[in-house]
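Only one structure is covered here, and it is reproduced in the block below.
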Amino acid sequence: MAKDDKFSVTPWTVTGKVDYDKLIKKFGTQSLDDNLKRRLEKLSNGSHVLIRRNTFFSHRDFDKVLDDIENGMGFFLYTGRGPSGPMHIGHIIPFVMTKWFQEKFKANVYIELTDDEKFLYDEKFSLDDSRKWSYENALDIIALGFDPDRTFIFQDTEYIKNMYPLAIKVAKKINYSLVKAVFGFKNETNVGMIFYPALQVIPTFFERKRCLIPAAIDQDPYWRIQRDLAEGFGYFKASAIHNKFLPPLTGPEGKMSASQPETAIYLSDGPEIVKKKIMKYAFSGGQATVELHRKYGGNPDLDVSFQWLKLFFEEDDAEVDRIEKEYRSGQMLTGELKEILINKINEFLEVHRAKREEAKETIKDFKVNGQLALKMWNTILE
Ligand code: TYM
């Protein structure tokens, strides 16, 4: 758990302005360096904006995944979502990355919907709500373009029967003092939460290949536990690539949070709402008046609109450079920068809405909570 005077990152909350270099040191991960990026580019015959821009900035054993691609062994992908409500544009970053890896390397993908975790974590949240949001979130995930023949989406409370035998074997090896140290559990923490980490570990054992997990860095504590246990059970230590958080609209501190509407753009927000939120809330690196802005220029490093364009929404590197230069020099005003972001997000969401509608039909082609996955997953029930 990273905690110091200025920021803290746990799987449930992020506070302060995250210093990602410090986090790499604290979590004991490695930076996703140019050498690895070049190897990936060569193997994938291309590059992805989320890797080029350092939105994915850190990893564990990603080099070993690249080795396994090179030596023909292959790998599988695992990621997830805690269905606590509507998804925002930060949540999809790991899924967009996962889908890209699936497409490039024809790898199987397992997506865990942790309806149990969200029910247990939030006192006010009902299990019915959590299940409803599982379905709604699954539509958003499918809309991102996963291959139905290679993707298994499962909800913990539905799929538990298949995971439980191995989950209790894993749970038996994790003692309370470990999860207390790793997750900061307290005496008041309910015992469901204390058991839950075993369930987030299990999908890394769905195949006897190396598992690559794209997720934000907040989920890394689970992988640390997994990596201590995996080999004892005859599986590989999980590999992970970690993304930064999309900062909240309201400023560079913390992370975009689904429970604070002014900090987030939801996938369900229509064009007018997107415009209104960005115009009203997007934290600006600009000067107080147009005159001062023209004279001194803006600060793109602080400006949330610019950061969102750079981290994810503007794929064209030359365009990002142009915007950065013009904003820094004062030639581009905050309003103009916001307008660029609004258009980008609305273009993205328009496509997303159409794909989400299609997903209501195509969801039945996916192996959601289904037995078909057992064909892929043939090791666990022994
Ligand atoms: P959840 O639902 O909190 O988040 C879903 C995924 O989104 C990442 N994330 C973000 N990425 C960028 N910017 C943000 N502002 C932002 N907020 C969240 C999270 O890291 C996550 O990857 N316990 C998990 C569910 C889960 C899971 C997994 C996640 C189960 N198995 C395996 C990743 C990998 C959760 O509640 O995620």
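Quick notes on this one:
- Rounded to the nearest 20 debye, the dipole magnitude of the chain is 740 debye, with +1 charges on Lys and Arg beta carbons, -1 on Asp and Glu beta carbons, and the Cα centre as origin.
- For Ala318, net neighbour charge (Lys/Arg +1, Asp/Glu -1) across residues whose Cβ lies under 14 Å away: -3
- Share antiparallel - DSSP beta bridges, the chain, percent rounded to 5: 35
- Remark: relative contact order (the range 241-282) = 33 percent; criterion is Cα-Cα distance under 8 angstrom and separation of 6 or more residues.
- Loop-located trypsin sites (Lys or Arg not before Pro) across the range 86-147 with a Cβ neighbour count of 13 or fewer within 10 Å are Lys106, Lys124, with loop assigned by DSSP.
- Cα-Cα pairs of the range 111-244 separated by more than 26 Å (percent): 23
- Rolling a 1.4 Å probe over the protein heavy atoms of the chain, with every protein chain left in place, gives an accessible area that is 50 percent carbon and sulfur.
- Whole-number percent relative contact order across the chain, with pairs defined as alpha carbons under 8 Å at least 6 apart: 20
- The chain: angle of helix 220-229 to the longest principal axis, Cα-based, in degrees nearest 10: 30
- For the range 78-86, backbone phi angles converted through the Karplus equation (6.51, -1.76, 1.60; θ = phi - 60°) give residue-by-residue couplings of 9, 8, x, 8, x, x, 9, x, x Hz, Gly and Pro being listed as x.
- Using only side-chain charges placed at the Cβ, +1 for Lys and Arg and -1 for Asp and Glu, the dipole size of the range 154-265 relative to its Cα centre rounds to 540 debye.
- The angle separating the long axis of helix 127-142 from the principal Cα axis of greatest extent in the chain is about 70 degrees.
- Annotation: per residue accessible area for the range 12-150 equals 41 Å², rounded to a whole number [probe 1.4 Å, protein chains only].
- Counting only alpha carbon atoms, the long axis of helix 156-171 and the longest principal axis of the chain meet at about 70°.
- For the range 163-261: relative contact order, % (alpha-carbon pairs under 8 angstrom, 6 or more apart): 22
- Most positive-pole-ward Cα, Thr250, Ala215, Ala238, against dipole of the range 167-267 from beta carbon charges: Ala238
- Using only side-chain charges placed at the Cβ, +1 for Lys and Arg and -1 for Asp and Glu, the dipole size of the range 67-214 relative to its Cα centre rounds to 500 debye.
- Phi-based couplings in Hz for the range 279-287 (Karplus 6.51, -1.76, 1.60; Gly and Pro marked x): 4, 7, 9, 4, 4, 10, x, x, 7
- Think of the range 142-199 as a dipole: +1 on every Lys or Arg Cβ, -1 on every Asp or Glu Cβ, centred on the Cα centre; then among Gly192, Asn175, Leu144, Asn175 lies furthest on the positive end.
- Relative pair counts by distance (%), Cα atoms of the chain, 10 Å bins: 5, 23, 33, 26, 10, 3, 0, 0
- In the chain, a dipole from Cβ-located charges (positive for Lys and Arg, negative for Asp and Glu) runs towards its positive end, and of Val304, Ala264, Leu50 it is Leu50 whose Cα lies farthest in that direction.
The values are calculated or read from the model by the stated rules, or taken from the named source; none is laboratory data. The structure displayed is predicted, hence computed values, not measured ones. As a convention, Cβ positions derive from the backbone with ideal geometry for all residues, glycine included, and neighbour counts pool all protein chains shown. Only protein heavy atoms, including side chains, enter the accessible area calculation; ligands, DNA and RNA are left aside. Shrake-Rupley method; radii C 1.70, N 1.55, O 1.52, S 1.80 Å.
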